[in-house]
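Single-structure report; data block below.
What follows is calculated from the coordinates using simple rules that are stated; it is not laboratory data. Being a predicted model, the structure only gives us computed values, none of them experimental. Using ideal geometry, Cβ is built from the backbone for each residue, glycine included, and neighbour counts are taken over all protein chains shown.
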C-alpha cells in the first residue's frame with residue numbers, strides 16, 4: 001500500500017469517529033460541509049465508506065444523498081445483513097431501495113450472515129411484518145437460493161429458500177446447485 005493510501009485511511013478513521021461523536025453523521029448535508037475543504041481523494045474515499053455505513057445503518061435518507069453525489073461501494077452480503085438487522089420500523093428500507101443490487105449480489109459469505117438474519121427474524125416477532133419485504137427480496141437472490149438448497153439441513157434455509165427460483169435454477173443454471 002502506498003504511503004498516501006495509509007494517510008487517507010488514517011484521516012478517514014479520524015473523520016468518521018469525529019462525525020459519530022458530534023452526531024453530524026446523522027445528516028449527510030452536515031457531513032458534506034464538514035469535509036468540503038479536504039483533499040479530493042480523501043473526500044472521495046470517505047464518501048464511498050460513508051455510503052456503505054449508511055447502507056448498513058439502514059439510513060435511506062442519507063444513503064440517497066450520497067448516491068446523488070456519485071458515491072459508490074462494492075456491496076457484500078455482510079452489508080445486507082447489517083442493513084436487515086437495522087430494520088426497526090415500517091416503510092421503505094435500503095434493501096428495498098437497492099433492490100436490483102440485492103437480487104443480483106454475488107457473494108460466497110452467506111451461511112453465517114443468513115443465520116444471523118434468520119435469528120433476528122425469528123426472535124423479533126413484532127418486527128416480522130416490517131422485515132417481510134426485505135426478506136422477499138433477499139429470497140430472490142440466486143446465490144442465496146443455491147446456498148439454501150445445498151445446506152437444506154440448516155434452520156435458516158427454511159426461511160430463505162425460494163422454491164420457484166430453485167426450480168428455475170435447476171432448469172437454467174444447474175451448475176450453481178452442485
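Couple of notes before you dig in:
- Cα long-axis angle, helix 3-21 against the chain (0 to 90 degrees, to the nearest 10): 80 degrees
- 28 Å tail of the calculated P(r), the chain, as % of Cα pairs: 34 percent
- Computed E for residue 14/residue 72 - FRET, C-beta separation, R0 25 angstrom, nearest 0.05: 0.65
- Taking 0.36 nm per residue of separation and subtracting the Cα-Cα distance, full extension of the segment from residue 132 to residue 7 would add 40.8 nm.
- Considering segment 1-46, its Cα convex hull presents a mean projected area of 3.0 nm².
- Cα-based helix-to-principal-axis angle, 40-56 vs the chain, degrees rounded to 10: 40 degrees
- Per the Cα gyration tensor, segment 75-178 maps to an equivalent ellipsoid with semi-axes of 22, 15, 12 Å, ordered largest to smallest.
- Spatial offset of segment 1-70 relative to segment 90-134 amounts to 25 Å, using the alpha carbon center of each.
- Mean projected area (nm²) of the alpha-carbon convex hull when segment 1-81 is viewed from all directions: 5.5 nm²
- In segment 68-115, the inverse of the mean reciprocal separation of distinct Cα atoms equals 11.8 Å; this is its Kirkwood hydrodynamic radius.
- Mean ellipticity per residue at 222 nm, deg cm²/dmol - from DSSP H runs of n ≥ 4 across the chain, formula -39500 (n - 2.57): -20000 deg cm²/dmol
- On Cα atoms only, tilt of 128-139 relative to the major axis of the chain in degrees: 80 degrees
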